[in-house]
Amino acid sequence: DSLNMRPSLQAVALWGKKAPLHSITAIMITDDQQTMVTGSQEGQLCLWTLSPELKISAKELLFGHSASVTCLARARDFSKQPYVVSAAENGEMCVWNVTNGQCVEKATLPYRHTAICYYHCSFRMTGEGWLLCCGEYQDVLIIDAKTLAVVHTFTSSQSPDWINCMCIVHSMRIQEDSLLVVSVTGELKVWDLSSSINSIQVYDYCDFSLLRTEVSSSGQFFAGGEVLAAHRIIIWTEDGHSYIYQLLNSGLSKSIYPADGRVLKETIYPHLLCSTSVQENKSNPFVMGYMNERKEPFYKVLFSGEVSGRITLWHIPDVPVSKFDGSPREIPITTTWTLQDNFDKHHTMSQSIIDHFSGFKDETGTAVVTSSEYVPSLDKLICGCEDGTIFITQALNAAKAGLLEGGSLLKDSLPHKVLKGHHQSVTSLLYPHGLSSKLDQSWLVSGDRDSSVILWNIFTEEILHKFFLEAGPVTSLLMSPENFRLRSDQVICCVCSDHSVTLLHLEGKNCLLRARKHLFPVKMIKWHPVENFLIVGCADDSVYIWEIETGKLKF
């Protein structure tokens, strides 16, 4: 049996002194108040430990999305299963176990969600519950929390539209649950969740009389809010501010009847008690939320995340009060933290493999690597740099030196080769033999910002040929599949930022095709093995079919 067992490989990332980018676009606190979860523009999620004293520390970085994260929400009864769901701009959805960081379910749907609410009614529903989703589509989608399949939709017979925000409310009077939403046009809609388990309908929850309208300050936009207590609310804005209001009534009694016989509603007006603000990066977009803790020490917490990667927490007092003169009191920041703070705090961390290569550093002393390729068969790490140089080193030796020996070996600089031939930043690397064993093991292909592509011999460090594409910066280098051959050889495909595609024949050291008529960024390359066609898919869903031998656009 031991012969059939596959060896277990544990991947280790050595980040060095500089934290990876984590531009926060979504943020939440789990129901047990021990973990914060953030989503980022880069597609990663970060798990942060949250102490009872509201101190933050990064715990794990989760890789699961290939596009920016748009929203986060819990995906189960958290006391039974510590699951959260994340959604990305390209329709990807992932369910995560935040205890161990594992992705337990994933799916890609043709919907861009902007908000998700978890709903489960144990005595009415089977399964794991629903994810009620809204976003850049009409009305509300109901997605199964376990399988991530669409099971229902809540639709409006009148004025169907995109939904801007939503919340679930429970009526103590009739013991029913309802979904309240506000559309982008300002319409309030209500769906009865309790009866929707069997059938979907819209009903009049209550009279929804308008009690008061409060206009945000000039240049500010309200982004969300919560009820703190009876007649007390907190509202936050897109630029990172929040305001706590006491709702005061006018003193008019509901028993007063005006001349027309209608009951005169109470009139309320908000009195500003307190506010919060951030000191810096005010131009950054903020995502904010509020958590009313359900266990000791029973803190009320306002939290925010910034595109700069900073998390900020405020401890909201149980009874917010204004100053003696009636002016609003500023609530101080309790905690603020970034991923870089974690890196700066732990001075004993391993050094990055590239930290000690001289000549590849910017003004901060960090090596500016713009592209990289790992070749397992040779144990080579190949890094292209901003200044156009390429260095090659033994990857595992460097990793071991950084991990196990505290970087002592790195201080003397590890043996490495340097390839010099590019005059601009190296943007893309390709090791052809790693994709096809029939190709020369010594070949390396590199592309740069100046639209140059170089074929190297990595053993002798010599340039075999230099191609000048006369296009934009090379964004990716691809190789034709083994079942596609031109003159019995495989072909290298260069995609450039000006939407052009160029095919290179390495053996012949010549250019086969320059395809320049694409109006939008190239997103997909396919090869027709029989007809010698190159099929190019673009971001606007357009498709171009090129005849490789003649260079003609067929369709």
- Item | Hits in segment 311-323 (condition: open to solvent by 10 Å² or more (accessible area, probe 1.4 Å) and touching a residue at least 60 places away in the same chain (Cβ under 8 Å)) | 315
- Message: Six or more apart or on different chains, Cβ atoms under 6 Å: show the pairs whose first residue is in segment 102-123 and closer than 22 Å to residue 25 by Cβ and whose second is crowded, with 17+ Cβ neighbours inside 10 Å and among the acidic types (Asp, Glu).
- Response: 108/92; 112/89
- Query: Residues of segment 53-97 being part of a loop (DSSP other than H, G, I, E, B), touching a Ser or Thr at 6+ places or on another chain (Cβ under 7 Å), more than 23 Å from residue 314 (Cβ to Cβ) and open to solvent by less than 10 Å² (accessible area, probe 1.4 Å), which ones?
  - Reply: 91
- Subset of segment 324-335 [in contact (Cβ under 8 Å) with a residue 40 or more places away in the chain and either under 30 Å from residue 47 (Cβ atoms) or among the acidic types (Asp, Glu) (or both)]: 330, 331, 333, 334, 335
- Would you point out which residue out of 131, 148, 141 is at positive phi and open to solvent by less than 60 Å² (accessible area, probe 1.4 Å)? 148
- Verdict on residue 321 being assigned to a loop (DSSP other than H, G, I, E, B), on the phi < 0 side of the Ramachandran plot and at pLDDT 85 or above: yes
- Query: Do any strands (runs of 3 or more DSSP E) entirely within segment 128-225 hold 1 or more residues that are farther than 30 Å from residue 244 by Cβ and at pLDDT below 90, and if so, which?
  - Reply: 150-154, 176-183, 188-192
- Task: Could you check, for segment 500-507, whether at least one of its residues is in the same structural domain as residue 374 (by the TED database), β-branched (Val, Ile, Thr) and modelled with pLDDT under 90?
- Result: no
- Within segment 104-112, identify whether any single residue is at pLDDT 90 or above, among the hydrophobic types (A, V, I, L, M, F, W, C) and not in a strand (DSSP E or B), and answer yes or no. yes
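The values are calculated or read from the model by the stated rules, or taken from the named source; none is laboratory data. Please read all numbers here as calculations on a predicted model, not as lab measurements. All Cβ positions, even for glycine, are placed from backbone atoms using ideal geometry, and neighbour counts span all protein chains on display. Side chains included, ligands, DNA and RNA excluded: accessible areas come from the protein's heavy atoms. Shrake-Rupley method; radii C 1.70, N 1.55, O 1.52, S 1.80 Å.
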